[in-house]
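**Q** Submitted below is the structure of interest, expressed as structure tokens.
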Amino acid sequence: MSTPATLTGERALHFEFASAGRILFGPGTLNDVGPHARALGSKALLVTGKTPSRASRLEKTLSTHQVEVVRFAVEGEPTVGDVLKACGEAKAAGCNLVIGFGGGSAIDAAKGISALLANPGDPYDYLEVVGRGRPLLHPALPCIAIPTTAGTGAEVTRNAVLASPAHGVKVSLRSPLMLPRLAIVDPELTYELPRALTASTGLDALTQLIEPYVSSRANPLTDGFCLDGIRRVARSLEKAAARPIDTAAREDMALASLLGGLSLANAGLGAVHGFAGPVGGSLDAPHGAVCAALLAPVIEANIQALRLRAPTSPVLSRFRYIARLLTGKEDANPDAAASWVRGVTTRLEQPRLRDLGVRHEHFPSLIDKAIQSSSMKANPIPLTAAELKGILDKAW
């Protein structure tokens with residue numbers, strides 16, 4: 001296969017790379033959490049999804065290593081109110097460690113809680129877009145992130161996505177000071193994921209590999225992560241959805257998700273996530289499903305806009321290389337990337353935006369909010385309001 005497109009020569013290279021303090025990856029690594037947790041604290045707020053019983057093995061391991069547990073379950077995607085409530089319970093119990101165990105919602109909640117426990121004031125002092133966006137002053141309380149899905153990569157990102165129902169959006173609390181001290185990525189924890197969740201989280205992972213690769217902040221370090229992750233998704237997403245205990249496919253998807261998290265945290269995202277925050281915040285739609293519905297239309301819109309307004313951009317070559325990785329065809333053109341994504345979302349029976357509650361009357365507000373979102377700032381080319389409406393039309 002031909003050499004990946006680079007951005008060298010287009011601009012001087014300046015970038016930063018930050019991640020979790022330590023990453024443990026591999027089947028069975030959940031068994032290693034005990035001594036690591038005990039080294040960080042003696043009383044943990046254990047943040048889970050809506051089924052806390054899934055963490056029973058983790059709780060036994062922690063107990064064996066003299067780490068006391070206080071449970072806090074997040075029923076859906078976390079809100080500012082959820083985080084405030086959890087902070088109150090953690091303070092009352094004297095917790096000195098936070099562990100997030102679950103999908104992206106549980107892990108984002110855990111990161112937000114650990115940050116606000118160490119930084120006084122109102123959450124809106126620190127939130128982007130709808131808040132004052134002030135920087136955190138103190139390192140977050142020690143946090144361990146343990147994903148049970150393969151999609152968000154939240155275990156290695158420096159932000160927590162929180163819904164603000166009063167504003168109808170999801171926004172980020174963001175700082176390098178809130179990176180988890182430890183991320184444990186155990187593919188075995190994903191073996192029981194149902195087909196629909198495997199599909200939607202896997203397409204979220206793919207989105208978080210494609211968007212950083214074509215981002216205006218792409219860099220050579222994250223490029224390698226993105227390309228390796230895209231290869232893994234292309235060969236393993238449908239296998240993992242079809243055969244839950246396909247260990248090789250599950251390992252590929254867990255690693256792809258981790259690589260996407262490393263990439264987005266250091267190179268940014270784009271228009272898919274620019275829309276995903278407002279859609280999820282306004283309609284409580286599942287993040288992965290929203291990304292799955294938007295990915296192909298956003299790829300198409302970006303390619304068309306680049307051809308129209310920046311025909312010499314090296315990003316067009318990057319889309320061509322993505323298409324080659326996805327299709328396995330050396331002669332694939334950039335448009336084949338969107339075609340491949342559309343085909344896999346159809347085969348995996350992913351919902352469209354209308355199935356997620358989006359109505360045409362929502363479009364103007366969603367477009368306005370997307371334009372203001374932090375993710376949109378890294379899109380490879382600024383998109384017009386008409387182009388953004390075209391994305392929604394195609395995803396609807």
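The values are calculated or read from the model by the stated rules, or taken from the named source; none is laboratory data. Note that this is a predicted model, so its numbers are computed, not measured. Cβ atoms come from the backbone with ideal geometry, glycine included; neighbour counts cover every protein chain shown.
**Q** Of all the residues that make up region 239-265, how many are under 19 Å from the mean Cα position of the chain (by Cα) and in a loop (DSSP other than H, G, I, E, B)?
**A** Adding up the residues that qualify gives 0.
**Q** Another question, if that's okay. Which members of region 217-246 meet the condition of being free of Cβ contacts under 8 Å to residues at least 24 places away in the same chain and under 19 Å from residue 319 (Cβ atoms)?
**A** Pass one, region 217-246, residues free of Cβ contacts under 8 Å to residues at least 24 places away in the same chain: 224, 235-236, 239, 243, 246.
Result: 224, single match.
**Q** Tally time: how many residues in region 349-385 are more than 20 Å from the chain's Cα centre (by Cα) and closer than 18 Å to residue 202 by Cα?
**A** 1
**Q** Among 169, 185, which is in contact with a Phe, Trp or Tyr (Cβ under 6 Å, 6 or more places away or on another chain), of a type in the set (A, V, I, L, M) and either farther than 13 Å from residue 102 by Cβ or at pLDDT 95 or above (or both)? Working first, answer last.
**A** Values: 169 fails: in contact with a Phe, Trp or Tyr (Cβ under 6 Å, 6 or more places away or on another chain).
Selected residue: 185, the only one of 169, 185 that is in contact with a Phe, Trp or Tyr (Cβ under 6 Å, 6 or more places away or on another chain), of a type in the set (A, V, I, L, M) and either farther than 13 Å from residue 102 by Cβ or at pLDDT 95 or above (or both).
**Q** Restricting to region 43-61, and then to whatever is in a helix (DSSP H, G or I) and among the small types (Gly, Ala, Ser), can you tell me which residue is surrounded by the most Cβ atoms within 10 Å (Cβ to Cβ)? If you could, list the steps in order and put the result at the bottom.
**A** If we filter region 43-61 for residues that are in a helix (DSSP H, G or I), which is where we start, we get 52-61.
Subsequent filtering for residues that are among the small types (Gly, Ala, Ser) retains 53, 55-56.
Details: 53: 7, 55: 25, 56: 9.
Ranking the qualifying residues of region 43-61, first place goes to 55.
Residues are listed down the side, and each one gets a yes or a no for (1) out of contact with any Phe, Trp or Tyr (no Cβ under 6 Å at 6 or more places or on another chain); (2) of a type in the set (A, V, I, L, M):
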| position | (1), (2) |
| --- | --- |
| 195 | yes, no |
| 202 | yes, no |
| 216 | yes, no |
| 219 | no, no |
| 225 | yes, no |
| 233 | yes, yes |
| 246 | yes, no |
| 249 | yes, yes |
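**Q** Filter region 341-358 down to the residues that are without any contact (Cβ under 8 Å) to a residue 60 or more places away in the chain and touching a helix residue (DSSP H, G or I) at 6+ places or on another chain (Cβ under 7 Å) and list them by number.
**A** Selection gives 342, 352.
**Q** Moving on to the next point. Only residues that are over 17 Å from residue 251 (Cβ atoms) and either aliphatic (A, V, I, L, M) or assigned to a loop (DSSP other than H, G, I, E, B) (or both): list them for region 199-229, please.
**A** Answer for region 199-229, where residues must be over 17 Å from residue 251 (Cβ atoms) and either aliphatic (A, V, I, L, M) or assigned to a loop (DSSP other than H, G, I, E, B) (or both): 199, 203, 210, 214, 215, 216, 217, 218, 219, 221, 227.
**Q** What number of residues within region 218-245 are more than 27 Å from residue 158 (Cβ to Cβ), modelled with pLDDT of 95 or more and of a type in the set (D, E, K, R)?
**A** 3
**Q** List every residue pair whose Cβ atoms sit under 6 Å apart, with the two residues 6 or more apart in sequence or on different chains, where the first one lies in region 247-272 and is touching a residue at least 40 places away in the same chain (Cβ under 8 Å) and the second, anywhere, is aromatic (Phe, Trp, Tyr) and part of a helix (DSSP H, G or I).
**A** Once the first residue is touching a residue at least 40 places away in the same chain (Cβ under 8 Å) and sits in region 247-272, its partners that are aromatic (Phe, Trp, Tyr) and part of a helix (DSSP H, G or I) give 259/225; 262/225; 263/225.
**Q** Still on this structure, I have one more. Can you name every residue in region 184-211 that is under 15 Å from residue 264 (Cβ atoms) and in contact (Cβ under 8 Å) with a residue 60 or more places away in the chain?
**A** Our first condition is that a residue be under 15 Å from residue 264 (Cβ atoms); within region 184-211, this holds for 201, 203-211.
Result: 201, 203, 204, 206, 207, 208, 210, 211.
**Q** Take residues that are under 24 Å from residue 41 (Cα atoms) and tell me which of the strands (runs of 3 or more DSSP E) falling wholly in region 103-180 contain 3 or more. Please lay out each step first, then the result.
**A** Numbers: elements: 143-147, 159-164, 169-174.
Output list reads 143-147.
**Q** Here is a check on your reading of the model: is residue 20 in contact with a strand residue (DSSP E or B) (Cβ under 7 Å, 6 or more places away or on another chain), surrounded by 13 or more Cβ atoms within 10 Å (Cβ to Cβ) and modelled with pLDDT under 90? Give the derivation first.
**A** Details: in contact with a strand residue (DSSP E or B) (Cβ under 7 Å, 6 or more places away or on another chain): yes; surrounded by 13 or more Cβ atoms within 10 Å (Cβ to Cβ): yes; modelled with pLDDT under 90: yes.
Taking the combined requirement at face value, the residue satisfies it.
**Q** Right, another one. Of all residues in region 369-386, which are farther than 22 Å from residue 267 by Cβ, modelled with pLDDT of 95 or more and of a type outside the set (A, V, I, L, M)? Lay out the reasoning, then the answer.
**A** First pass over region 369-386, keeping only residues farther than 22 Å from residue 267 by Cβ: 369, 384-386.
From the residues that got through so far, the ones that are modelled with pLDDT of 95 or more too are 384-386.
Of everything in region 369-386, just one residue is farther than 22 Å from residue 267 by Cβ, modelled with pLDDT of 95 or more and of a type outside the set (A, V, I, L, M), namely 384.
**Q** Being outside any helix (DSSP H, G or I) and hydroxyl-bearing (Ser, Thr, Tyr), is that true of even one residue in region 324-338?
**A** To start, the set of residues in region 324-338 that are outside any helix (DSSP H, G or I) comprises 328-334.
Checking the rest, the ones that are also hydroxyl-bearing (Ser, Thr, Tyr) come to none.
There is no residue in region 324-338 that is outside any helix (DSSP H, G or I) and hydroxyl-bearing (Ser, Thr, Tyr).
**Q** Among the residues of region 353-388, write down those that are closer than 21 Å to residue 289 by Cα, among the basic types (Lys, Arg) and surrounded by fewer than 17 Cβ atoms within 10 Å (Cβ to Cβ).
**A** 354, 359
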